[in-house]
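K.L.:
Before I ask anything, let me first share the structure, which is written out below as structure tokens.
What follows draws every value from the coordinates through simple rules; no lab data is involved. What you see is a predicted model; the values in this text were computed from it and never measured. In this analysis, Cβ positions are derived from the backbone assuming ideal geometry, glycine residues included, and neighbour counts consider all displayed protein chains.
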Amino acid sequence: MSLPAWFRHLPLPSPLKHVAGSAWMMAGRLFALGSIAAFGFAIFVGALSAIDSIFEGRDHWYAEGHLADLELRVAADDVANFPSFRDLAGLADYRTRMVFPGTLDTATAQDAVHLLLITPAGDSKLPINAPTLMEGQLLSAGDRAGILIERNLASYHHIKLGDALKIKLGKETVSMMVRGVVQDPEFLLAPANPSLFVPSKGSLGVVYANPEVLRERFGFVAANSVLFRAKEGADIEALRQAILERAATRLNVDSSATRTEQFSYQFLEKDLGTFRIVVPVIVLVSALSAVFVTIFLFVQWIMHERQMLGVFMTLGHTRTRLSCSFGLMFLYLALGAVLGGLAGSVFVGQGFMQNFAESIGLPVPKLVLTPTYLMLGALGVLLVFALAGAFAIRRVFLLSPRDAMRHAIALEHAPGAISNWLGRCLPTTWLRIALRNLLRSGKVSLVTIVAVALGFGMTSAFFISFSSFIGTSVNNVDKNTWDMTVDFVAPVWQENFDDIVRVEGVIDATPYTKSVAQASHNGKRLNLYIGGFDPAKPWHVATLVAGKNLSSSEPNGMLLEQSTALALGVGVGDTLMLEAQGRKREARIAGLFSGAMPGEARLPIDFHRELADLDARSTGSFIRVNGDMAEVAKRLTANPDVQQVLSKKQIASEILAASGQVTAILHLGAMVSIGIAALFVFACLGYTVLQRKGDYQSLRLLGYGDGLIRAIIVVEVCLLGAAALVLAVPIGALTAAYLNDKLSEAWFHVDTIINLSDYVKTFIPSFVLLPVVAWPIARTVLREPLDVHLRSREIS
Amino acid sequence: MIDTSKPQAQAEPTEFIVQLHAVTKQYASEAGPVPVLRGIDLCVAPGETIMLKGVSGSGKSTLLHILGAIDKPTSGAVQICGEDLSVLNNQAQTTFRAQRLGFVFQFFNLIPTLTASENVVAAVDPLGGPRKAREQSAVLALQAVGLGEHVTKYPSQLSGGQQQRVAIARAMVKRPTLILADEPTGALDSATAHQVLQCLKNMQRDTGCALIIATHDPIVTDYADRIYRLDSGQLEEEA
């Protein structure tokens, strides 16, 4: 690559002009270096801004839809019996509604979708939980045959405008037509059916109808839910207390929940909170590697310019002036990286946001790059280049003109005994050259190997983390001693339970119960997904992190998911107040476990039945099977009371689908780090090999053909790369362990599981990458005419 | 001594090994073409030693590069052993250098990661043949230049004069038709320079090759059969 003609017309001081020319000549490597920094910037700013944008989008939709600040759930009653809350201090408005469970009737019981049918029971002056029409039209007054469907029901179950639906409400089935599709701020995330063993996204649908649909059923306008909007700045807790006291005078209160206690709110906080922890870790690892590579390349650059520095010094230019010339180039490179990173962050942010939102059923918000992250990212890039630049420029100050002017780049010492012996083991001269080149400049080769190993190690780490995440999820399911789970359409009594589960192939069964409840402790409240299991049949194994398992001797014992415990401020031995269906019961925390879902909890089945008003009913069963599981599943699902039958493999898939956004970010990290590794390889190996350009030119002079020269360079690059891959093995394992540690803090406990295949996924592309990287390096050597090289006297 | 099992370089059918006729070389520049060589005529017989003198920028290196199949003339004919170098492509030039030419430079151009014998073997590697034979030739060549006890040493372990003698052995081992030396004594003291030049002459006598030395060093005069001066791109023989 030669300097363009216009370059010499640039009105720059001569040292700066020379440094700029030098930068031009190695534009490829500097571009690679800048891209590494830009990548890190893009991930940091893009991903974190995307997280902020999602939260802001959520808040915007809450505001747009006027999401209630508080919801009160009561036993269904005539709305005329409800007390008035209007005079309560801090209350802006309220309205009543009926939330009625139903099922979307389909050809088979297994396809049936659990629904919530919401009908208004009273008006409010201010809009509260106002759905936004997305398609079709709102219901007109008196329309008994029309319904609106929530958008997730439309997308997860492929229901559209004009579809005729059969909705089962209790024993009655009504035919309704879809008039419109709406977005409800209450259901920003795809709702999940809490009575299923794995409450997967979209397993619960929400529909809206006019109150006439249920009036005939009850004989009056019924309501079981009151939504409240607080005044600006009102004390929500005080308002809640006042509401509860007022409600208790006339109604049977089930539960109350503020906006932040809603499950979807907590899920989003936890999920995005995970990324807020994991993304900086990814960026930190990239940044450390980038600092290392940047120092390496800057030092190499300055050493390459050593002679010219000596010339300038002898001409009277000061070291400070020369340092500033390099410093300015470093600054331009940093600014270029920031600009490139800025463009990249839009791409990364948009991709992350789209991926995340779609995986959890959230609408895709608008991306806004957060100024704080932009500033921090830019400062980070500048800091990396400043540190590396300072380290490199120090070299300038250590040079004397005499040392700098030394013409011959003499080998300080002969190749050592090992290099000597190893070389002699090889049958050809060109292989010896390649191997001994690797060993001759030990420090440079080592630094190159470490830099490249960091890139490959990071890539492996992401694959390992990804596999660990999946492996842990699968192991957590595998270690259970049941073979399949059976979810019922509705809770069943014991006699029905026996009829359902005793089919050919089932050798044993134990019931379980699932429901939601609210937990409170010292003023903190959270919603819990509770599972009730028989302590005498501990088939469903928990990954305990503290305390002990449920036992028959502790009828009100409880296992709580560890991050939920942290949020409530409780530990082993503490008690929690549980509320469900208007009942309150105290539970004692026997142990903490690592779970995949926020709010997971386990109780002895009898205790849970009592809390959830299930009497002796069960919502599902674990079964042990002897024989063909698929056949047993078929027999079970033939029963109209069975909603679904899942094997361990299917459950693991459901859990992974529920955590799809976490695996997506790990995959994204792996792809990005492969790109960074490629840039590392190109930037580091380019310099290391081109330092020995003189040797290759000498060989050309002796009659070595282009093919052989290329072969030497490719072998040298591959040897360096192979050494880097070996070092990448422990780097990958350690980095993965660190990543998993952070994931465990934020999500559920992830064991570091290292599979050979995770390294193979890195190593195989690397073995393809290395010769590809070597090719342009070889081309640079071969493109230089021999006579030009001889005139430059850059000899070995 | 050189391995005599290989036949010595024989005189080509034409009288001269090197024949240059009306060779010119111009380089392009923004101000227009810059002539470096203007109508060079030169003939060199086997066994002859030619000294090329000239100030810096006179075109000595350019002429050497053309003779060495490293560069091509703008016009004119360049024949070495009857081979017209101007029609050779890159691959053919490389092969020609491997088979016919030897080079000796001011700063030796040895490969630092190869021992003295490996550096010499590197010159015959492109010619193929059994490795043992090539290694044996290398050892013999080093012995011929008086470095038989230093075959396993690396360039950094040798003195300047010793390194230049390794370079000479490397140039001579394949029994080339023509040796081109660019300031071979430039990095050496006077005594060592004489040693090296004598070594070159001895090797030339053994192989019968032609030797062209581009140099400022006056001591080369004593070793040259003919002396030419390059001045303003034109070649003139000095008495």
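K.L.:
For the range A:1-125, just the Cα set please: Rg and Dmax, both in angstrom.
P.N.:
Here Rg and the maximum Cα pair distance are 32.5, 91 Å.
K.L.:
How would the range B:18-237 be classified by its alpha-carbon gyration tensor: rounded, prolate or oblate, with rounded meaning a/c under 1.5 and the a/b versus b/c comparison settling the rest?
P.N.:
Numbers: a/c = 1.90, a/b = 1.48, b/c = 1.28.
Note, shape of the range B:18-237 comes out prolate.
K.L.:
Additional query: Kirkwood Rh, the range A:62-143, all Cα pairs: how many Å? If you can, show how the numbers build up before the last one.
P.N.:
Working: mean 1/r = 0.0646 Å⁻¹.
One decimal place: 15.5 Å for the Kirkwood radius.
K.L.:
List, in order, the whole-Hz ³J(HN,Hα) value for each residue of the range B:146-157 obtained from phi through the Karplus relation with A = 6.51, B = -1.76, C = 1.60 and θ = phi - 60°; use x for Gly and Pro.
P.N.:
x, 10, x, 8, 10, 4, 9, 8, 8, x, 5, 9
K.L.:
If you don't mind, there's one more thing I want to ask. Suppose every Lys and Arg Cβ carries +1 and every Asp and Glu Cβ carries -1, with no other charges. What dipole size does the range B:20-116 come out with about its Cα centre, to the nearest 20 debye?
P.N.:
Numbers: 7 positive and 6 negative charges, 30 e Å.
Dipole about the Cα centre, nearest 20: 140 debye.
K.L.:
Hey, another quick one. Quick one: 3J(HN,Hα) in Hz for the range A:765-774, Karplus 6.51/-1.76/1.60 with θ = phi - 60°, rounded, Gly and Pro as x.
P.N.:
x, 5, 5, 6, 5, 4, x, 5, 5, 5
K.L.:
Of A:LYS270/A:LYS648; A:LYS17/A:LYS693; A:LYS634/A:LYS761, which ones are farther than 29 Å apart at the Cα?
P.N.:
On the way: A:LYS270/A:LYS648 26 Å; A:LYS17/A:LYS693 24 Å; A:LYS634/A:LYS761 38 Å.
Beyond 29 Å between Cα atoms: A:LYS634/A:LYS761.
K.L.:
Count the DSSP beta bridges whose two residues both fall in the range B:18-237, then state the antiparallel fraction as a percent rounded to the nearest 5.
P.N.:
Working: 18 of 36 bridges.
Bridges in the range B:18-237 that DSSP calls antiparallel: roughly 50 percent.
K.L.:
Using the alpha-carbon atoms, what tilt in degrees (0 to 90, nearest 10) does helix A:14-25 show relative to the longest principal axis of chain A?
P.N.:
The angle comes out at about 60 degrees.
K.L.:
Above 17 Å lies some portion of the pair distances; for the range A:502-619, what is it as a whole percent of all C-alpha pairs? Provide the component values of the computation, followed by the final result.
P.N.:
Values: 3525 of 6903 pairs.
Of the Cα pairs, 51 percent sit more than 17 Å apart.
K.L.:
Let me ask something else about it. Within the P(r) computed for the protein assembly as shown, what percentage of the Cα pairs occupies the region above 42 Å?
P.N.:
Values: 298116 of 535095 pairs.
That fraction is 56 percent.
K.L.:
Continuing with this model, one more query. For a test of understanding, tell me how many lysine pairs in chain B have Cα atoms under 28 Å apart, given they are 8 or more places apart or on different chains.
P.N.:
Step by step, the pairs that qualify in chain B add up to 20.
K.L.:
What's the angle, to the nearest 10 degrees (0 to 90), between helix A:660-690's Cα axis and the longest principal axis of chain A?
P.N.:
0 degrees
K.L.:
Ok, one more. For a footprinting-style exposure proxy, rank A:ILE360, A:ILE464 by other Cβ within 10 Å, fewest first. Before the final figure, lay out each step's value.
P.N.:
Values: A:ILE360 20, A:ILE464 30.
Sorted ascending by nearby Cβ count, the order is A:ILE360, A:ILE464.
K.L.:
Measuring from centroid to centroid over Cα atoms, what is the spacing of the range A:127-163 and the range A:624-660 in Å?
P.N.:
Centre-to-centre distance over Cα atoms comes out at 32 Å.
K.L.:
Please state the shape class of the range A:363-513: rounded when a/c is under 1.5, otherwise prolate if a/b exceeds b/c and oblate if not, all from the C-alpha gyration tensor. Present the calculation step by step, with values, prior to reporting the outcome.
P.N.:
On the way: a/c = 6.21, a/b = 2.13, b/c = 2.92.
Verdict is oblate for the range A:363-513.
K.L.:
Another one. Report ³J(HN,Hα) in whole Hz for each residue of the range A:188-200, in order, from the Karplus equation J = 6.51 cos²θ - 1.76 cosθ + 1.60 where θ = phi - 60°; Gly and Pro get x.
P.N.:
Once rounded to whole Hz, the list reads 4, 8, 4, x, 10, 7, x, 8, 7, 4, 10, x, 7.
K.L.:
Let me ask something additional. Counting Lys +1, Arg +1, Asp -1, Glu -1, what net charge surrounds A:PHE55 among other residues with beta carbon under 14 Å of its beta carbon?
P.N.:
Net charge in that neighbourhood comes out at 0.
K.L.:
Shifting gears a bit: Just to confirm the filter: which trypsin sites (Lys or Arg not before Pro) across the range A:1-108 are DSSP coil and have at most 15 other Cβ within 10 angstrom of their Cβ?
P.N.:
Numbers: sites: A:ARG8, A:LYS17, A:ARG29, A:ARG58, A:ARG73, A:ARG86, A:ARG95, A:ARG97; in loops: A:ARG86.
When the trypsin sites (Lys or Arg not before Pro) of the range A:1-108 are filtered for loop state and at most 15 Cβ neighbours within 10 Å, A:ARG86 remain.
K.L.:
Helix A:429-440: angle to the longest alpha-carbon principal axis of chain A, degrees 0 to 90, nearest 10?
P.N.:
Around 70 degrees separate the two axes.
K.L.:
To the nearest 20 Debye, how big is the dipole of the range B:18-237 about its Cα centre, given +1 on the beta carbon of each Lys and Arg and -1 on that of each Asp and Glu?
P.N.:
Values: 19 positive and 20 negative charges, 111 e Å.
Here the range B:18-237 has a charge dipole of around 540 debye.
K.L.:
Using only DSSP helix segments of four residues or longer, with each worth -39500 (n - 2.57), what per-residue ellipticity at 222 nm results for the protein assembly as shown after dividing by its residue count and rounding to 500? Write down the numbers at each step before the final one.
P.N.:
Values: 29 runs with 493 residues, N = 1035.
Computed mean residue ellipticity for the protein assembly as shown: -16000 deg cm²/dmol.
K.L.:
Cα centroids of the range B:24-40 and the range A:513-573: how far apart, whole angstrom?
P.N.:
Distance between centres, Cα-based: 91 Å.
K.L.:
So what's the gap between the Cα centers of the range B:174-239 and the range A:726-748, to the nearest angstrom?
P.N.:
Comparing the Cα centres of the range B:174-239 and the range A:726-748, I get a distance of 66 Å.
K.L.:
From Cα pairs below 8 angstrom and at least 6 apart in sequence, can you work out the relative contact order of chain A, rounded to a whole percent? Kindly include the intermediate steps, with their values, before the conclusion.
P.N.:
Values: 1447 pairs, mean separation 141.2, N = 796.
After rounding, I find 18 percent.
K.L.:
Another question, then. Rounded, prolate or oblate for the range A:412-480? Axes are the square roots of the Cα gyration tensor eigenvalues, ordered a ≥ b ≥ c, and the cut-off for rounded is a/c under 1.5.
P.N.:
Numbers: a/c = 4.74, a/b = 2.99, b/c = 1.58.
Verdict is prolate for the range A:412-480.
K.L.:
Right, next: Which of A:LEU446, A:LEU153, A:LEU376 has the fewest other C-beta atoms within 10 Å, and how do the rest follow up to the most? Write down the numbers at each step before the final one.
P.N.:
Values: A:LEU446 12, A:LEU153 26, A:LEU376 16.
With the fewest neighbours first, A:LEU446, A:LEU153, A:LEU376 line up as A:LEU446, A:LEU376, A:LEU153.
K.L.:
When DSSP assigns beta bridges and you keep just the ones with both residues in the protein assembly as shown, what percent turn out antiparallel, to the nearest 5?
P.N.:
So the antiparallel bridges in the protein assembly as shown amount to around 70 percent.
K.L.:
Name the residue from A:VAL447, A:GLY591, A:MET26 whose Cα lies farthest towards the positive end of the charge dipole of chain A, charges +1 on Cβ of Lys and Arg and -1 on Cβ of Asp and Glu.
P.N.:
A:MET26
K.L.:
As a footprinting exposure proxy, order B:GLU149, A:GLU610 by other Cβ within 10 Å, with the fewest listed first. Each step should come with its number before you reach the end.
P.N.:
On the way: B:GLU149 9, A:GLU610 18.
The most exposed by this proxy come first: B:GLU149, A:GLU610.
K.L.:
For the range B:18-237, calculate the relative contact order in percent as a whole number, restricting contacts to Cα pairs under 8 Å that are 6 or more residues apart. List each step's numbers first, then the result.
P.N.:
On the way: 429 pairs, mean separation 65.3, N = 220.
Relative contact order of the range B:18-237: 30 percent.
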